[in-house]
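Participant: Sharing a structure here in structure tokens format.
What follows draws every value from the coordinates through simple rules; no lab data is involved. Remember, it's a predicted structure, so these values are computed and weren't measured experimentally. Here Cβ is always computed from backbone atoms with ideal geometry, including for glycine, and neighbour counts include all displayed protein chains.
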Amino acid sequence: MQEGTAIHQREVPPESRIVYRIGINVGDVVVDDGDLLGDGVNIAARLEALAEPGGICIADPVQKQLAGKTDFAFEDTGERPLKNIAQPVRVWRWTREPGLGDTVAPLALPDRPSIAVLPFDNLSGQPEDTYFSDGITEDIVTGLAHFRSLFVIARNSSFAFRGKATSLAEIGQQLGVSYLLEGSVRRAGARVRITAQLIEAATWAHLWAERYDRSLDDIFAVQDEVTTTIVSTLVGRIEDAKLKQSLRKPTVSLAAYDFLLRGIARFRGYSEDDNRQACTFLEKAIANDPNYALAHSYLALARIALHGYGAAPLDIRRASSVMARRGVDLDPQEGGCHRILGQVLLYVRELDVAEHHARRAVELNPNDADGAISMGDLLVTKGHPVEGLAWTEKASASVPLSGLRDFTSTSPS
């Protein structure tokens, strides 16, 4: 399929070519109302994300069944940790031979400073602490996304390079950005060390680097310093109003912040029990800080997800809308709270109010691809497909590699 697709696409302009990633696994699945669930499916999805454009990644059980039955050569890349999979998986990779067709052409650079934040490495010695380093990374992305003078790639695409031996120049080309931020997080007891370095993708030149050794209570101050420095370096000046928005402290409780990150990580997982565990962590975040706006908002969405989104009972949807409103009331300047309230209000059919909050979300955070796709989804639901498509295209511009498949659809079923 990969070779045939490449040959078929030879005469298609590079910007219009179809390029697939393929992941294959053999394992048990659970059939639930016509859908397939379980680690067998989850591993295949993770393998797809690891594959190069035009390539294939397979799990070890597949390689064992293929041995001696095909001329295709798969390279052993060793055991790889996969998100939400308990044990590492040995991954084999096949890459299309040169000449059969080109991969995706480098994206044109935006007309403003453009940056992608690569997932910070977890150096804590505990693989399960990756949620914490991922949370730090995403908070920096969110802080940068407040500035209209920057073009910020969404986390979905930048996180696709985790664990891949891809040069910085190639990452910059595939994401269509001029600058990359990479770093690491090491948490030990009540201390945290964060390193960050800003790199010009084309030349690999280091524009700025810093190491922060702080107590965990200062974690938000470190995020603010990194964001401020990057904006100052790339833009030259900072708009005071936007700076104040990006430097808000989200909670007074580090425990609440930790539980929020755990809850969001579970909410984005694919395992059968992830939504329930997400609710548990988010409830603990609120117990530690009852005024934590984002925790209220994500719990509202997670509870609807736990009960099947549009299929959730009416009392669950109504209770979730009350909780999501509470999130906005607690922090009316947090774009994520407005975005989630707009999503939740779709399920109780308050479409006009939902649109108000969706538009407020993109005003507060103009680079947020989640906000743009939510806006598009809402407008399509309201019967405005052309305007909705424009917002969807805006979202896809911020997610050049992974597309929109990781975004949660908000339309009621």
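Participant: In what sequence, highest mean first, do 75-88, 280-293, 340-353 appear when ranked by Cβ atoms within 10 angstrom?
Facilitator: 340-353, 280-293, 75-88
Participant: Between the stretch 37-100 and the stretch 114-156, what is the separation of their alpha carbon centroids in Å?
Facilitator: 26 Å
Participant: Which residue, D273, D377, D224, has the most motion in a Gaussian network model of the chain that connects Cα atoms within less than 10 Å?
Facilitator: D273
Participant: Take the cross-link list K69/K164; K64/K394; K83/K394 and give me the ones stretching past 32 Å between alpha-carbons.
Facilitator: Result: K64/K394 exceed 32 Å.
Participant: Let me ask something else. Please list, in order along the stretch 77-92, the HN-Hα scalar couplings obtained from phi with the Karplus expression 6.51 cos²θ - 1.76 cosθ + 1.60 (θ = phi - 60°), rounded to whole Hz, x for Gly and Pro.
Facilitator: Result, rounded to whole Hz: 9, x, 7, 10, x, 10, 4, 6, 10, 5, 10, x, 10, 6, 10, 10.
Participant: Right, another one. Roughly how many debye, to the nearest 20, is the charge dipole of the stretch 114-246 about its Cα centre, given +1 on each Lys and Arg Cβ, -1 on each Asp and Glu Cβ, and no other charges?
Facilitator: 100 debye
Participant: Percent antiparallel among DSSP beta bridges with both residues in the chain, to the nearest 5? Please list the in-between numbers first.
Facilitator: Numbers: 31 of 41 bridges.
Around 75 percent of the beta bridges assigned by DSSP in the chain are antiparallel ones.
Participant: Another question, if that's okay. What does the charge dipole of the chain about its Cα centre add up to, to the nearest 20 debye, if the Cβ of each Lys and Arg holds +1 and the Cβ of each Asp and Glu holds -1?
Facilitator: So the magnitude is around 480 debye.
Participant: Near V328, within a Cβ-to-Cβ distance under 12 Å, what is the net charge of the other residues, with Lys and Arg +1 and Asp and Glu -1?
Facilitator: +1
Participant: Can you spot the aspartates and glutamates whose alpha carbon is less than 12 Å from K284's alpha carbon? Ignore those fewer than 8 places along the same chain.
Facilitator: Candidates past the 8-residue exclusion: D258.
Participant: Next question, about the same structure. With unit charges on the beta carbons (Lys and Arg positive, Asp and Glu negative) and the dipole taken about the Cα centre of the chain, which residue among S321, A6, G78 sits farthest to the positive side?
Facilitator: S321
Participant: Compute the FRET efficiency between E52 and Y270 as 1/(1 + (r/R0)^6), taking r as their Cβ-Cβ distance and R0 = 35 Å, and round to the nearest 0.05.
Facilitator: Numbers: r = 22 Å, r/R0 = 0.63.
Taking R0 as 35 Å, the efficiency between E52 and Y270 is 0.95.
Participant: So, one more: Treating cross-link reach as a plain straight distance, find the aspartates and glutamates whose alpha-carbon is under 14 Å from the alpha-carbon of K382, omitting any fewer than eight places away in the same chain.
Facilitator: Cα-Cα hits under 14 Å: E350, D352, E355.
Participant: Beta carbons within 10 angstrom, averaged per residue: use that to sort the peptides 43-54, 211-222, highest first. Don't jump to the answer; show the numbers that get you there.
Facilitator: Working: 43-54: 20.5, 211-222: 15.7.
For the peptides 43-54, 211-222, the packing ranking is 43-54, 211-222.
Participant: Quick check: net charge around L82, other residues with Cβ under 12 Å of its Cβ, Lys/Arg +1 and Asp/Glu -1?
Facilitator: Surrounding charge for L82 is +2.
Participant: Of the listed values [x] 0.99; [y] 0.96; [z] 1.08, grab the one calculated as Rg/Rh (Cα atoms, Kirkwood Rh) from the structure here.
Facilitator: Read-out taken from this structure: [y].
Participant: By its C-alpha gyration tensor, with a ≥ b ≥ c as the square roots of the eigenvalues, how is the stretch 2-94 shaped: rounded for a/c under 1.5, else prolate for a/b larger than b/c, else oblate?
Facilitator: Prolate shape, in that a/c is at least 1.5 and a/b is the bigger ratio.
Participant: Going by Cα centres, the stretch 173-203 and the stretch 349-371 are how many Å apart?
Facilitator: When both Cα centres are located, 29 Å separates them.
Participant: Hey, another quick one. Go ahead and set up a Gaussian network model of the chain, Cα springs under 10 Å, then flag whichever of A59, A190, A302 fluctuates most.
Facilitator: A190
Participant: Return, ordered by residue number, the residues of the stretch 7-51 whose backbone nitrogen is under 15 Å from a label point located 7 Å along Cα→Cβ of E75.
Facilitator: Only 50-51 pass the distance filter.
Participant: For a footprinting-style exposure proxy, rank F74, F147 by other Cβ within 10 Å, fewest first.
Facilitator: Ranking F74, F147 by Cβ neighbours within 10 Å, fewest first, gives F74, F147.
Participant: How much net charge surrounds A311 when only other residues with a Cβ under 14 Å from its Cβ are counted (Lys, Arg +1; Asp, Glu -1)?
Facilitator: Working: positive: R303, R317; negative: D32, D33, D35, D315.
Overall, the nearby charge balance is -2.
Participant: Here is a further query. In debye, nearest 20: dipole of the stretch 249-324 around its Cα centre with unit charges on the Cβ of K, R (+) and D, E (-)?
Facilitator: So the dipole magnitude of the stretch 249-324 works out to roughly 140 debye.
Participant: Let me ask something additional. Over the stretch 114-246, what is the relative contact order in percent, taking alpha-carbon pairs closer than 8 angstrom and at least six residues apart?
Facilitator: Details: 211 pairs, mean separation 35.2, N = 133.
Relative contact order, the stretch 114-246: 26 percent.
Participant: Starting from the Kirkwood Rh over alpha-carbon pairs, what translational D in µm² s⁻¹ does the stretch 114-246 have by Stokes-Einstein at 25 °C and 0.890 mPa s?
Facilitator: It diffuses with D of about 164 µm²/s by this estimate.
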